[in-house]
Amino acid sequence: MTADTAVRLSEVSKAFGTGGSALLALDKVSLDVAPGEFVCLVGASGCGKSTLLNLVADLERPSAGTIDKDGARVALMFQEPALFPWLTVTGNLELALKTRGVPRGERRSRAGRLLDSVHLGGFAGRRPHQLSGGMRQRVALARALALTEDDAGEGQGTVLLMDEPFGALDAMTRDLL
């Protein structure tokens, strides 16, 4: 893979099940994504968009073909927020930062910065059930961003995968983000 490719899919196929009842979700997909490139996958429901993202995020294994990320850090923002209900908004972000090895002393300030970036700075102590669906989705976005940051708080060398990230947001908030 060259320095001008962040993600390369080569002849990637994914089948669910075996034999005659197998469902072929992806068939020989090839794609190169350059660093900094913004790519949108568009298609009908059930055409394999989410499956492709799950493969790149290593949540699934391809049935055939290869996926090369050249060591890039990958974060996936799901269609649903999938927040831990017993944690506060800040707690959900700090947990993501903890899994990345961010020292305890830095987690709170980084979480605050990330919440400000999605315009939720005043909701740090709230629990997910106290937020609207759109607000929960913005917390999920902040969490995904937390997973892509390097030690300096930058997103360099990372791949952010987003599966219908703004579906729960109103038009004004979607434009703002």
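Tally time: how many residues in the range 15-30 are closer than 15 Å to residue 64 by Cβ, polar (S, T, N, Q) and either outside the structural domain of residue 65 (by TED's automatic domain parsing) or not in a loop (DSSP other than H, G, I, E, B) (or both)? Here the count works out to 1. Among the residues of the range 48-57, is there at least one that is modelled with pLDDT under 95, outside the structural domain of residue 97 (by TED's automatic domain parsing), surrounded by fewer than 16 Cβ atoms within 10 Å (Cβ to Cβ) and out of contact with any His (no Cβ under 7 Å at 6 or more places or on another chain)? Scanning the range 48-57 turns up no residue that is modelled with pLDDT under 95, outside the structural domain of residue 97 (by TED's automatic domain parsing), surrounded by fewer than 16 Cβ atoms within 10 Å (Cβ to Cβ) and out of contact with any His (no Cβ under 7 Å at 6 or more places or on another chain). Within the range 126-146, residues that are in a helix (DSSP H, G or I) have Cβ atoms under 7 Å from residues that are of a type in the set (Val, Ile, Thr) in these pairs: 134/173; 138/118; 139/89; 141/118; 142/118, counting only partners at least 6 apart in sequence or on another chain.
Condition check ((1) exposed (fewer than 11 other Cβ atoms within 10 Å of the Cβ); (2) out of contact with any strand residue (DSSP E or B) (no Cβ under 8 Å at 6 or more places or on another chain); (3) assigned by TED's automatic domain parsing to the domain that holds residue 133; (4) outside any loop (DSSP other than H, G, I, E, B)) across all residues:
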position: 13; (1), (2), (3), (4): no, no, no, yes
position: 32; (1), (2), (3), (4): no, no, no, yes
position: 46; (1), (2), (3), (4): yes, yes, no, no
position: 91; (1), (2), (3), (4): no, yes, yes, yes
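Report yes if some residue within the range 153-163 is outside the structural domain of residue 31 (by TED's automatic domain parsing), surrounded by fewer than 17 Cβ atoms within 10 Å (Cβ to Cβ), touching a Pro at 6+ places or on another chain (Cβ under 7 Å) and part of a loop (DSSP other than H, G, I, E, B); otherwise report no. No, there is no match, as no residue in the range 153-163 is outside the structural domain of residue 31 (by TED's automatic domain parsing), surrounded by fewer than 17 Cβ atoms within 10 Å (Cβ to Cβ), touching a Pro at 6+ places or on another chain (Cβ under 7 Å) and part of a loop (DSSP other than H, G, I, E, B). Close Cβ contacts (under 8 Å, 6 or more residues apart or on different chains) running from residues in the range 154-165 that are of a type in the set (S, T, N, Q) to residues that are modelled with pLDDT under 70 comprise 156/150; 158/149; 158/150. Does residue 126 count as basic (Lys, Arg) and closer than 22 Å to residue 170 by Cβ? Considered against the rule, which asks whether it is basic (Lys, Arg) and closer than 22 Å to residue 170 by Cβ, residue 126 comes out as yes.
Looking only at residues of the range 33-92 that are farther than 18 Å from residue 148 by Cα and of a type in the set (D, E, K, R), we find that the one that is farthest from the chain's Cα centre (by Cα) is 61.
The values are calculated or read from the model by the stated rules, or taken from the named source; none is laboratory data. On a predicted model such as this, the values are computed, not experimentally measured, just so you know. Please note: Cβ atoms are built from the backbone with ideal geometry, for glycine as well, and neighbour counts cover all protein chains shown.
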